[in-house]
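Trainee: Below is the structure I would like to discuss, written out as structure tokens.
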Amino acid sequence: MSTHKIAPSILAADYANFATELKRVEETDAEYVHIDIMDGQFVPNISFGADVVASMRKHSKLVFDCHLMVVEPERYVDAFAQAGADIMTIHVEATKHIHGALQKIKAAGMKAGVVINPGTPVEALVPVLGLVDQVLIMTVNPGFGGQAFIPEMMAKVEAVTKMRQEAGYDFDIEVDGGIDNTTIKAAAQAGANVFVAGSYLFKASDLPAQVQTLRVALND
């Protein structure tokens, strides 16, 4: 299966200094930058939109893993494609037309990801698993950084891993929320291979060294 990928979440960075923060991420061996887009409706927080992603793009060559926590994400596909997003991940709970929305993402030249909240059963993913490049299992309730990992979500990761194997798919399985050098082990053992970490990474003065603590935990 796919190699392990680390995705520092820019939501935990210093918003006034995105260029500097992206440079810090570039100095690590992380593969992705995870970018949380929130509209204040789907989740009770507002972050930033496609314009900010476009300005970030000038400062980084890393894969932009854009997670849209917004109502009707299909409305923003073209904007994020033009902004330089590499992966656009959308919630099954946020649209009446998840299949069509994912098709639209692929047609715009991005990789398509689908995500479920902690309260949503994995069965909601079944109709679109053949379409996606990535499945994101939220390991906290979305909206705010710094929340505690919900260990019960590992059963979902295991279930999706099994679905992938049985159907012969090869999408990545991503986890987001409360990931640190302890919880990352449980997530990897359950089958996840893309790990979003925010406050755990950005609170460290030495970001490359902190990323390595995750690598060490994964190889332990």
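Trainee: P(r) tail for the range 5-219, what percent of Cα pairs lie past 21 Å?
Mentor: Everything past 21 Å amounts to 49 percent.
Trainee: Total Lys pairs in the range 5-219 closer than 19 Å by alpha-carbon, pairs eight or more apart in sequence or interchain only?
Mentor: Final tally of qualifying lysine pairs is 12.
Trainee: Which listed residue (Tyr169, Gly146, Met38) has the Cα farthest towards the positive end of the charge dipole for the chain, taking +1 on Lys and Arg C-beta and -1 on Asp and Glu C-beta about the Cα centre?
Mentor: Toward the positive end, the furthest listed residue is Tyr169.
Trainee: Under 5 Å between amide H atoms, partner at least 5 residues away or on a different chain: which partners does Gly177 have, H built in plane at 1.01 Å?
Mentor: Thr139, Val196
Trainee: May I pose another question? How much of the DSSP bridge set in the chain is antiparallel, in percent, rounded to the nearest 5?
Mentor: Bridges in the chain are about 5 percent antiparallel.
Trainee: Go ahead and set up a Gaussian network model of the chain, Cα springs under 10 Å, then flag whichever of Asp65, Asp36, Asp78 fluctuates most.
Mentor: Asp78
Trainee: Under a plain spin-label model, where a point goes 7 Å from the Cα along Cα-to-Cβ, how far apart in nm are Thr120 and Asp206?
Mentor: Between Thr120 and Asp206, the label points sit 4.0 nm apart.
Trainee: Okay, next question. Tell me, what HN-Hα J-couplings in whole Hz come from the Karplus equation 6.51 cos²θ - 1.76 cosθ + 1.60 at θ = phi - 60° for each residue of the range 129-137, using x for Gly and Pro?
Mentor: 4, x, 9, 9, 9, 8, 10, 9, 9
Trainee: Which value, in debye to the nearest 20, gives the size of the charge dipole of the chain about its Cα centre, when Lys and Arg are +1 and Asp and Glu are -1 at the Cβ?
Mentor: The calculated dipole for the chain is roughly 200 debye.
Trainee: Anyone know which of Val194, Val115, Val52 comes out most mobile in the 10 Å Cα GNM of the chain?
Mentor: Of the options given, Val52 has the highest mean-square fluctuation.
Trainee: Between the range 82-109 and the range 181-202, how far is it from one alpha carbon centroid to the other, in angstrom?
Mentor: 24 Å
Trainee: Still on this structure, I have one more. Who wins for biggest fluctuation among Ala148, Ala197, Ala16 in a Gaussian network model of the chain, springs between alpha carbons below 10 Å?
Mentor: Highest fluctuation among the options: Ala16.
Trainee: Given an 8 Å cut-off on Cα distances and at least 6 residues of separation, report the relative contact order of the chain as a percent.
Mentor: Computed over the chain, the figure is 21 percent.
Trainee: Would you mind computing, in nm to one decimal, how far apart the modelled labels at Asp51 and Asp14 are, each placed 7 Å from Cα along Cα→Cβ?
Mentor: 2.4 nm
Trainee: Which value in deg cm²/dmol, rounded to the nearest 500, describes the helix-derived mean residue ellipticity at 222 nm for the chain, given -39,500 (n - 2.57) per DSSP H run of n ≥ 4 and division by the residue count?
Mentor: Rounded to the nearest 500, it is -9500 deg cm²/dmol.
We did not get these values from a lab; they are worked out from the coordinates using the rules stated. In this text the structure is predicted, and so the values were computed from the model without any measurement. Every residue, glycine among them, receives a Cβ derived from its backbone with ideal geometry; neighbour counts consider all protein chains shown.
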